[in-house]
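First the structure, in the form of structure tokens, and then the observations on it.
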Amino acid sequence: MTGQAETPRRRWRPGLAVLVAAVLVAAGATVGIRLTADRQPQREATPATAAPTPSTAAPSPTPPPGADVTGPLNLLLVGVDTRVSVPGWEPHGDAVLVAHVTKELDQAYVFSLPRDLLVDIPAFTKAGYSGGKTKLTHAMSYGSRVPGKPKQPSTAQGYELLRSTVSGYTGLRIDAGAAVTFQGFEKLVNAVGGVDIYIDQRTVSLHRRPDGRHRDPAPGGNGYVGPQMVYEKGERHLSGWQALDYARQRYGLDGGDYARQRHQQQLIRALMRKIQGEGLSRQPDRVEEIVGALGDTLSYAGGPRIVDLAYALGGLPADRLVLVGLPGEGVGKGSAYRGEQLKPVGREFLTALKKGRAEEYLAAHPELVVKN
């Protein structure tokens, strides 16, 4: 954030956490400090000795930001594994979440799609990809390929193909969204002072030691060796690296990747509570510090400007964020695993969502609502 110190500051609306918690929370918070010239006309400096110029013209009313934003809205949130330490590594869509905001902009449903969900990925000429049926996570990878630049993949371009793929699978129009790298998520959690979350089952880390250092690769490159961080069941306070590490684990969990999806959604809620609990809307300098810490680890993509989207969602109550877990199962023949598919109850939820009947559907299937 640069050059905005003299811009009039407006209140940040905590309802934006639906879009931003875990992926865009800090970027949305910049509404408090980032209303620039397109909304606030710049005035020429007036010498101190100049007399004021009288005016009888009534000021023209300026509509508030987001006045033309209407629901329903579908927002795609992606956690990206970039592995910048590996030259030419193609980014993976490691966490894929969709937030559906109702027509009245007064309720939101957040659900995850399995990274290994078997989907039809459309052809994408920008990356020279001809299309095919494979795992959802590969949409980001295939879409990121830049012809002639094999070691310079584009996360933004990969997001574009992932967005088309998710839209095609769910039948939902994606209006806006964001992608954040693992490094960005860790920075975000640290910037707000960590998060409080209920660990619903003992979770052993595949990636980290108890002191936060990465575990060493095993000889031959198959797995890791060394002591492991363990997250015991119960109420815990997690720092940035711990929250990221916890959200990545799936092996050894009761529920596997579906448990991981639940944990990622719970972190969204934990971030939302932390952001609102600290009253960041009254601390614009603190918000600016958080945004600056994220840098280019966070990117926003969509139709409405983020400022407009933030104000449009400003009236959304925190208790109207509903986390939805969609159950699935493996696809394949015998031991030949191909990926995952949603069970009928999950696919039917998507249909109900498109028809504006999510509330009634969840009332009939309360087991889909994530409680903790």
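Among the residues of the stretch 314-353, just one is touching a Pro at 6+ places or on another chain (Cβ under 9 Å) and basic (Lys, Arg), namely Lys343.
Does Gly71 qualify as being of a type in the set (Gly, Ala, Ser), over 22 Å from Gln261 (Cβ atoms), surrounded by 10 or more Cβ atoms within 10 Å (Cβ to Cβ) and modelled with pLDDT of 70 or more? Here the answer is yes, as Gly71 does meet what is asked.
Is at least one residue of the stretch 156-168 buried (at least 19 other Cβ atoms within 10 Å of the Cβ) and either in a strand (DSSP E or B) or on the phi > 0 side of the Ramachandran plot (or both)? No: zero hits. Figure legend. Inter-residue proximity from the stretch 189-204: first residues free of Cβ contacts under 8 Å to residues at least 12 places away in the same chain and within 10 Å of Arg236 (Cα to Cα), second residues among the hydroxyl-bearing types (Ser, Thr, Tyr) and not in a loop (DSSP other than H, G, I, E, B), beta-carbon distance below 8 Å, spacing 6+ or different chains. No pairs are indicated. Confirm whether Arg173 is of a type in the set (D, E, K, R) and assigned to a loop (DSSP other than H, G, I, E, B). Yes: the conditions hold for Arg173.
If you check Ile174, Ile199, which single one turns out to be modelled with pLDDT of 90 or more and under 17 Å from Val78 (Cβ atoms)? Going through Ile174, Ile199 in turn, just one is modelled with pLDDT of 90 or more and under 17 Å from Val78 (Cβ atoms): Ile174.
For the stretch 245-254, the criterion of being in contact with a His (Cβ under 8 Å, 6 or more places away or on another chain), closer than 19 Å to Gln183 by Cα and among the basic types (Lys, Arg) is satisfied by at least one residue. Look at the stretch 342-351 and say how many of its residues are under 23 Å from the mean Cα position of the chain (by Cα) and assigned to a helix (DSSP H, G or I). Of the residues in the stretch 342-351, 5 are under 23 Å from the mean Cα position of the chain (by Cα) and assigned to a helix (DSSP H, G or I). When Gly143 is tested against (1) in contact (Cβ under 8 Å) with a residue 24 or more places away in the chain; (2) surrounded by 15 or more Cβ atoms within 10 Å (Cβ to Cβ), exactly one condition is not met: (1). Screening Thr137 on (1) surrounded by fewer than 20 Cβ atoms within 10 Å (Cβ to Cβ); (2) touching a Gly at 6+ places or on another chain (Cβ under 8 Å); (3) β-branched (Val, Ile, Thr) shows it passes everything except condition (1). For Asn190, which of the numbered conditions (1) at pLDDT 90 or above; (2) of a type outside the set (Gly, Ala, Ser); (3) under 25 Å from Leu267 (Cβ atoms) fails to hold? All conditions are met except number (1).
Contact map, the stretch 352-372: first residue on the phi < 0 side of the Ramachandran plot, second residue among the polar types (S, T, N, Q) and surrounded by 11 or more Cβ atoms within 10 Å (Cβ to Cβ), Cβ cut-off under 6 Å, separation 6 or more or different chains; pairs are Val370/Gln265. Considering only residues in the stretch 221-249 that are under 19 Å from the mean Cα position of the chain (by Cα) and in a loop (DSSP other than H, G, I, E, B), the one that is nearest to Pro114 (Cα to Cα) turns out to be Gln249.
Per this entry, Gly339 is counted among residues that are under 21 Å from Tyr159 (Cα atoms), crowded, with 18+ Cβ neighbours inside 10 Å, more than 14 Å from the chain's Cα centre (by Cα) and at pLDDT 70 or above. Within the stretch 315-326, the set of residues being in contact (Cβ under 8 Å) with a residue 40 or more places away in the chain and exposed (fewer than 14 other Cβ atoms within 10 Å of the Cβ) comprises Gly315, Pro317. If we scan the stretch 329-336, do we find a residue that is at positive phi, at pLDDT 70 or above and either surrounded by fewer than 17 Cβ atoms within 10 Å (Cβ to Cβ) or β-branched (Val, Ile, Thr) (or both)? Yes, the stretch 329-336 has at least one match.
Could you tell me whether Gln228 is under 30 Å from Val98 (Cβ atoms) and at pLDDT 90 or above? Answer is no for this residue. Of the residues contained in the stretch 93-112, one or more are found to be buried (at least 18 other Cβ atoms within 10 Å of the Cβ), at pLDDT below 90 and under 20 Å from Arg145 (Cβ atoms). Which numbered condition trips up Tyr198, out of (1) aromatic (Phe, Trp, Tyr); (2) in a loop (DSSP other than H, G, I, E, B); (3) over 23 Å from Gly339 (Cα atoms)? Of the numbered conditions (1) aromatic (Phe, Trp, Tyr); (2) in a loop (DSSP other than H, G, I, E, B); (3) over 23 Å from Gly339 (Cα atoms), the odd one out for Tyr198 is (2). Arg208 - would you say it is under 19 Å from Gln183 (Cα atoms), modelled with pLDDT of 90 or more and surrounded by 20 or more Cβ atoms within 10 Å (Cβ to Cβ)? In short, yes.
The values are calculated or read from the model by the stated rules, or taken from the named source; none is laboratory data. Keep in mind the model is a prediction, meaning the values are calculated, not measured. So basically every Cβ, Gly included, is an ideal-geometry build from the backbone, and we count neighbours across all protein chains shown.
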